[in-house]
Amino acid sequence: MREYTTWVGLDDSAKTISVAILHGDEEQPREEFTIANDSTGLGRLVKRLKNISDNVRCVYEAGVNGYHLQRYFEQHAIRCDIAAPSLTPRQVGKRVKTDKIDARLLAKLYRAGQLTLITIPQREQESLRDLLRAREDSMEDLQRKRHRLARLLLRHGHKYSGKQAWSLRHLQWIKSVHFDNGCDQMVLHEYFLAMVEEMDRLRKFDEKIEELAAQPTYQKAAACLMALKGIKTLTAMTIIAEALDLKRFKQAPQLMAAIGVVPSEYSSGARECRGSITKTGNPHLRRVLIESAWHYRHSSVPGKTLQKRRKGLPAEVLEIAQKADKRLNKKYRNLINRGKDNRKAAVAVARELAGFIWAIGQVA
């Protein structure tokens with residue numbers, strides 16, 4: 001068996017996988033073929049690769065198959081990496097795109113070291129991430145169902161006069177509404193029932209997340225992150241699940257870039273032009289950080305609830321959290337006083353908040 005590195009590019013879809021195999025430094029693939037994306041096709045591919053070389057390295061872009069393919073190859077002692085598709089170099093002038101061409105390009109870029117590889121989570125980490133994203137989906141579904149119900153009532157002239165929408169009193173008021181038309185009453189009943197079911201589903205997700213946060217695996221990390229204002233159990237667990245390991249970022253700006261809260265830039269020569277944030281990277285992490293950043297528009301003096309969360313935490317974590325209280329509140333006020341839009345100010349605060357989260361991740 002020859003001793004050289006075999007570079008394998010995989011362009012995967014739900015049903016098939018296009019394979020391009022480069023042997024050593026060869027310019028063109030010696031083998032190109034398509035296999036079925038099932039256990040039989042993957043088994044044959046693994047057997048074929050093991051007969052080619054002792055040093056096989058595979059790569060495919062993150063997509064519909066998640067981490068399944070990577071774990072399959074790892075189980076059979078074949079190294080496999082996953083590339084970030086948004087950061088894969090593209091040739092602008094090329095107008096032809098096929099699975100075969102993509103597989104060949106991936107193999108060449110992988111060999112040249114020009115692909116940005118993503119971090120593969122452990123199965124437990126992926127399960128936590130799926131749970132939190134399912135909770136996020138449930139929240140979006142609840143919002144849609146509330147909107148449908150509210151618009152139905154408004155179309156028929158029923159408007160709630162109370163102060164807090166979707167409170168217990170609001171729900172009791174909706175129950176008291178009655179339509180003379182049987183069809184309208186049925187729609188009201190089903191909309192209300194669907195909303196209550198979604199609220200119950202959301203409550204179950206919250207209970208499970210609280211239960212996991214109390215386990216030894218996550219308890220310390222979650223407690224340290226909750227020392228920061230605006231970060232409670234749900235946000236802390238989202239950071240843990242989406243960032244995977246804060247220590248993998250060598251510097252805070254790397255975390256900020258991974259979240260997509262750094263400003264975009266298009267500068268050339270003496271001309272500098274900076275625009276809105278890039279919005280690349282992890283959207284779930286970016287959302288919770290911007291939500292948390294709004295809390296820093298209030299006084300930098302911690303309230304009783306925050307003081308209780310900070311009780312018993314390491315001195316290094318408390319020092320970082322106290323520094324964040326003053327710095328981020330001051331930054332928000334300065335931006336507002338300079339005439340900045342409050343939403344832009346919150347995003348700017350979120351960018352610096354990511355730096356404090358990174359700092360806590362290094363000592364927690």
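The values are calculated or read from the model by the stated rules, or taken from the named source; none is laboratory data. The structure presented is a predicted model; accordingly, all values stated were derived computationally and were not measured. Here the Cβ is made from the backbone with ideal geometry for all residues, glycine too, and neighbour counts use every protein chain on show.
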Is at least one residue of the stretch 16-29 over 22 Å from L117 (Cα atoms) and in contact with an Asp or Glu (Cβ under 9 Å, 6 or more places away or on another chain)? yes
Of the criteria (1) touching a residue at least 12 places away in the same chain (Cβ under 8 Å); (2) outside any loop (DSSP other than H, G, I, E, B); (3) under 22 Å from L225 (Cα atoms), which one S300 fails: (2)
What pairs can you find where one residue is in the stretch 312-332 and in the same structural domain as G230 (by TED's automatic domain parsing) and over 21 Å from A350 (Cβ atoms), the other is in a helix (DSSP H, G or I) and at pLDDT below 95, and their Cβ atoms are less than 8 Å apart, with a gap of 6+ or different chains? P314/V363; E316/V363
Within the stretch 328-339, is even one residue at pLDDT 95 or above and in contact with a strand residue (DSSP E or B) (Cβ under 8 Å, 6 or more places away or on another chain)? no
From the option list K204, K220, single residue qualifying as within 22 Å of G303 (Cα to Cα), modelled with pLDDT of 95 or more and not polar (S, T, N, Q) is K220
Is it the case that R111 is over 30 Å from R129 (Cα atoms), touching a Gly at 6+ places or on another chain (Cβ under 7 Å) and touching a residue at least 60 places away in the same chain (Cβ under 8 Å)? no
Hits in the stretch 304-351 (condition: surrounded by 14 or more Cβ atoms within 10 Å (Cβ to Cβ), of a type outside the set (A, V, I, L, M) and not in a helix (DSSP H, G or I)): P314, K340
Can you tell me how many residues in the stretch 78-97 are surrounded by fewer than 15 Cβ atoms within 10 Å (Cβ to Cβ) and at pLDDT 95 or above? 1
The number of residues in the stretch 209-267 that are assigned to a helix (DSSP H, G or I), more than 16 Å from R287 (Cα to Cα) and not aliphatic (A, V, I, L, M) is 12
Of the residues I209, I239, I231, which is touching a residue at least 60 places away in the same chain (Cβ under 8 Å), surrounded by 13 or more Cβ atoms within 10 Å (Cβ to Cβ) and over 24 Å from P302 (Cα atoms)? I209
Can you name the residue in the stretch 145-161 that is of a type in the set (G, A, S) and exposed (fewer than 10 other Cβ atoms within 10 Å of the Cβ) and, of all such residues, is nearest to R203 (Cα to Cα)? S161
Give the residue that is surrounded by the fewest Cβ atoms within 10 Å (Cβ to Cβ), with candidates limited to residues of the stretch 114-144 that are closer than 25 Å to E190 by Cβ, free of Cβ contacts under 8 Å to residues at least 12 places away in the same chain and among the charged types (D, E, K, R). E140
Return the total of residues in the stretch 264-291 being over 22 Å from I118 (Cα atoms) and not charged (D, E, K, R). 9
Looking at E124, is it under 30 Å from L69 (Cβ atoms) and part of a helix (DSSP H, G or I)? yes
